[in-house]
1. Does any residue in the stretch 104-124 that is touching a residue at least 40 places away in the same chain (Cβ under 8 Å) and assigned to a loop (DSSP other than H, G, I, E, B) come within less than 9 Å, Cβ to Cβ, of a residue that is of a type in the set (G, A, S) and surrounded by 15 or more Cβ atoms within 10 Å (Cβ to Cβ) six or more places away or on a different chain, and which pairs are these?
2. State which residue pairs qualify: first residue among the aromatic types (F, W, Y) and inside the stretch 208-232, second residue open to solvent by 20 Å² or more (accessible area, probe 1.4 Å) and assigned to a loop (DSSP other than H, G, I, E, B) in any location, beta carbons under 8 Å apart, and separation of 6 or more residues or different chains.
3. Identify the residue in the stretch 183-195 that is over 28 Å from L154 (Cβ atoms) and open to solvent by 10 Å² or more (accessible area, probe 1.4 Å) and, among all such residues, is modelled with the lowest pLDDT.
4. Just to confirm my filter: which strands (runs of 3 or more DSSP E) fall fully inside the stretch 196-251 and include at least 2 residues that are among the hydroxyl-bearing types (S, T, Y) and crowded, with 20+ Cβ neighbours inside 10 Å?
5. Anything in the stretch 56-89 that is closer than 19 Å to C5 by Cα and either open to solvent by less than 80 Å² (accessible area, probe 1.4 Å) or touching a helix residue (DSSP H, G or I) at 6+ places or on another chain (Cβ under 6 Å) (or both)? List them, or say none.
6. So, of the residues in the stretch 257-306 that are among the charged types (D, E, K, R) and under 16 Å from S210 (Cα atoms), which turns out to be nearest to the chain's Cα centre (by Cα)?
7. Out of all the residues in the stretch 261-311, which are more than 18 Å from G164 (Cβ to Cβ) and within 13 Å of ligand 1 (Cβ to nearest atom)?
8. Name the strands (runs of 3 or more DSSP E) wholly within the stretch 258-331 that hold at least 1 residues that are basic (K, R)?
Amino acid sequence: MSYKCGCYAYLNLYLEKYGYHFRYFNHSQFLQDYQQMLSEKYNNDEINEISQQIKALQDSKKQEDSKAYERLQHIRKLYKPLHKNIYTFDECFLENSFKSLVAACKKGDRDLIDATRYPNEEVKVFTFRVFTKDFINLFLEEINHISNYDGIVLGRPNSMNHNGVLMKELGMDEMLTVLREEYLQPIVDTVFSDTIGECESHRGFTVKYSFDGTVFDGSGDKQLGKHYDNAEVTLNVCMQADQVQGSNLVFMGMANDEDCDRERIHLEHEVGMGILHLGQLKHYVTPIEQGIRTNLVLWLRSSAVRNKVCPMCWDSPEIVATKCMDDGFRP
Ligand SMILES: [Fe+2]
Ligand SMILES: [Zn+2]
């Protein structure tokens with residue numbers, strides 16, 4: 001079974017044109033919340049237009065789950081994988097250094113993982129190699145294969161990115177479950193033991209950024225506004241960085257901190273390198289100035305944490321059953 005918090009249809013409605021997340025209950029609430037802020041740049045007609053766009057986005061969000069379910073059934077029937085061997089987890093997909101890191105965490109030895117922490121006193125960001133080059137090459141070919149498959153239109157990876165592949169649609173969720181349970185959980189237990197318990201589900205997807213082409217032809221997003229993730233912990237692994245300039249990941253503070261918009265860490269992506277951080281650590285992606293970048297993102301969810309406080313509305317969640325879009329809440 002899968003579950004979401006009811007807030008998904010009212011909060012965090014993202015309009016990329018404005019790079020901003022809005023909340024929307026009705027038009028008068030919208031004006032009350034945003035008219036002052038928007039009137040610095042827009043006239044009343046334009047503000048009404050923005051309100052209508054948000055309403056339309058809300059309407060389409062409410063239909064997303066059934067559409068996603070139908071799309072998934074369709075893909076399951078039609079899609080023939082290119083590299084079947086990467087759908088079943090194998091340790092050979094992983095870099096030896098990553099395996100050593102996990103083995104040390106399992107033994108309660110945190111020296112190796114601590115050495116991967118980005119030197120910053122205030123926020124915890126860890127960078128370490130995850131996948132081998134061989135696995136990455138096969139994975140990218142698989143992503144390309146499904147992205148250009150006749151008769152398949154993929155869902156969006158998340159509410160902000162347009163370009164990428166959902167691991168559930170690709171059929172690779174089970175393989176990633178092994179990675180989550182046996183490799184990522186020991187790391188989470190070691191570095192976030194104070195806040196996060198067992199992450200018993202995940203949402204996995206790729207994101208693609210490209211300087212050429214347009215966002216809407218599947219060629220790649222350009223940048224990503226400030227946000228925090230719908231995750232307790234995020235692992236973000238760079239799988240492709242062809243002649244990339246720009247498109248750096250900038251970390252700020254924890255979303256519930258007063259000082260959350262101060263920039264603390266600028267990271268360049270490097271193929272094979274994973275970046276691990278708390279989902280509530282605010283971040284954004286700088287504009288890509290050249291090249292193509294693809295990353296695999298795993299949003300790890302702990303129902304013990306989010307059942308108490310939903311990370312999107314920061315309130316006790318209104319848990320609603322869904323057909324296929326799971327946000328990791330459990331009744
Ligand atoms: Fe993110
Ligand atoms: Zn919520």
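1. R110/A104; E122/G253; V123/G253
2. Taking only residues 6 or more apart or on different chains, the pairs are Y209/K222; Y209/Q223; F211/K222; F216/H162; Y228/Q280.
3. Of all residues in the stretch 183-195, those over 28 Å from L154 (Cβ atoms) come to 185-195.
Restricting the remaining residues to those that are open to solvent by 10 Å² or more (accessible area, probe 1.4 Å) gives 185-186, 189-190, 193-195.
Working: Q185: 98, P186: 98, D189: 97, T190: 97, S193: 89, D194: 84, T195: 87.
Ranking the qualifying residues of the stretch 183-195, first place goes to D194.
4. Values: elements: 201-210, 224-227, 233-246.
Correct list: 201-210.
5. Taking the stretch 56-89 first, the residues closer than 19 Å to C5 by Cα are 57-69.
Within the stretch 56-89, L57, Q58, D59, S60, K61, K62, E64, D65, S66, A68 meet the criteria.
6. Let us first name the residues in the stretch 257-306 that are among the charged types (D, E, K, R), namely 257-259, 261-264, 268, 270, 282, 289, 293, 301, 306.
When the remaining residues are screened for being under 16 Å from S210 (Cα atoms), the result is 268, 270, 289, 293.
Details: E268: 17, E270: 18, E289: 22, R293: 15 Å.
The selected residue is R293.
7. Once the filter is applied, which keeps residues that are more than 18 Å from G164 (Cβ to Cβ) and within 13 Å of ligand 1 (Cβ to nearest atom), the stretch 261-311 yields L267, L276, H277, L278, Q280, L281, K282, P311.
8. Numbers: elements: 265-267, 273-278, 281-285, 288-301, 319-322.
Those strands (runs of 3 or more DSSP E) span 281-285, 288-301.
The values are calculated or read from the model by the stated rules, or taken from the named source; none is laboratory data. All figures in this text were calculated on a predicted structure; none of them were measured in a lab. Positions of Cβ are generated from backbone atoms using ideal geometry, with glycine treated the same way; all protein chains shown enter the neighbour counts. Accessible surface is based on the protein model in full, side chains and every heavy atom, while ligands, DNA and RNA are left aside. Shrake-Rupley method; radii C 1.70, N 1.55, O 1.52, S 1.80 Å.
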